[in-house]
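Worksheet for the structure shown next.
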Amino acid sequence: MYWTTFLRRGRISAGVFLIFISILLTPIPALAQPFVYVKSFGSVGSGPGKFQQVSDLDQDSHGHYVVLDGYLGKFQICSSTGVCTEHDTAARIADQYGNQLGLAVNSKDEIFITNLFGDVEKCTHDGVCEGFIGEYDGTFISSWGIAIDPQDRVYIADTNFGRIIVCDSGGSCSAFGSYGSEVGQFNSPSGLAINAQGKVVIADAGNERVQICDHLGNCELSGYSNPDFFSSGSYGQGLALLPSSTMFMTGYGVAQIYSCTSRGVCRTVALSNYNNPGFLQSPQGIMVDDAGQLVIGDYGKVHFMAPNVTINPGIADAWIEAGLSGQGLLVSVFENIPLVFIAWFTYETTRPAGFPPPVIGEWGHRWVTLQGGYSGNVANLDIYLTQGGVFESPTPSPASAEKIGTATLTLNSCYSATLVYNITSTGLQGTKHLSRVVNDNVSNCEILSGGN
């Protein structure tokens, strides 16, 4: 329940735990690739684990990847290693396949598939498919992108009519938007994604911009509206968002992925080198999975890319370990000295009866610091204990710091980190899994890690 319990079990009943991280960096060098190739699965062909063109993909509630092959009119449910079960769609059975472009899975594992030729389908996890919606307000739907929000509202991009159709899972629908170039109007809307606020992000391809709308059709232009995305050949057929709100966009037949932060800072993420086992031929489907990886549907393959992050000023933020109240990390960054510095404070609000000797420091005041060098996304740190002293006064002065252990800080992504510590003087050790309180500064971290 006290310091020993806190370190071993990762919690303290009534304490406050604050870690302040200051990173003192040399000038930023040439910026690196923001994502690196991890693996691929699949091959060109027909049958389980084989694809012609992966049009779109999503994850179900079990973490499986639901992969749409719009060319063959099939979807497959795959493990992360590429063990797949194949299912025909209704369009496949009716010989109306070939232009199925969008797929999304709701919280009930119901699968929705769009088709430029007509009906939006609704399929069970076992591959039983039926028509969901084929027309709206007496007009034929030519559906492209699709996304599902946390309330299981289904958003469908009706490309030919410049509108967004919003349905519940039972098929009761409304719509907003019309053809045009004003805010709230669309010209060939294509890819859709849901942001952290539960709003739909729309690639308004014909207008070379991106709009963000709520389910009632209240829309605004976004910082993503960079015409370079579209003029470079990325028509927004595939759209995905990181938790930081950084957006990724694909264009069929263009062997590149484009990304842009909500502040309009854009870059290219590409794997177009044919000597690379994860090269892109015609990326179309794209998503961010539960592990924070970028998952890309391509010609015959599904590619996985992981964030390539380095310690940089973008980690300046508040960090916590989920489920642990009264604890947190405050991060500050200084750019002149190659050093990571962490100040770790904790105290007991209720001191134990009889005041037994504490394991480390004092019951009411623990002054622990960590410091050391770093390389890439890892900082190797020494842990020091300082005793005595008070806040806001030079006297009494603190005692000299004593080294009591070591720690490693690993930045796993721009929104997650791990602190592994070993206090050798007491034998206490453990791991802290850390995440940001808010993601406002993640895009800055990604830019400084990945370049522009």
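Throughout, read-outs are computed from the coordinates displayed, never taken from laboratory work. What you see is a predicted model; the values in this text were computed from it and never measured. As a convention, Cβ positions derive from the backbone with ideal geometry for all residues, glycine included, and neighbour counts pool all protein chains shown.
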Tell me, Asp298, Asp56, Asp440, Asp289 in order of fewest to most beta-carbon neighbours within 10 Å?
-> Asp440, Asp289, Asp298, Asp56
Work out, step by step, the length gained on full extension between His215 and Ser107: first 0.36 nm times the residue separation, then minus their alpha carbon distance; give nm to one decimal.
-> 37.1 nm
Which FRET efficiency value, to the nearest 0.05, do you get for Ala94 and Ser172 by plugging their Cβ-Cβ distance into 1/(1 + (r/R0)^6) with R0 = 35 Å?
-> 0.90
Relative contact order for region 35-307: what is it in percent, counting Cα pairs under 8 Å that are at least 6 residues apart?
-> 16
Distance in nm between label sites at Asp382 and Asp289, each 7 Å beyond Cα in the beta-carbon direction?
-> 4.2
For the Val390, Thr431 Cβ pair and Förster radius 56 Å, calculated FRET efficiency rounded to 0.05 is 0.95
In nm, spacing of pseudo-spin labels at Phe140 and Leu339 (7 Å Cα→C-beta vector) = 7.1
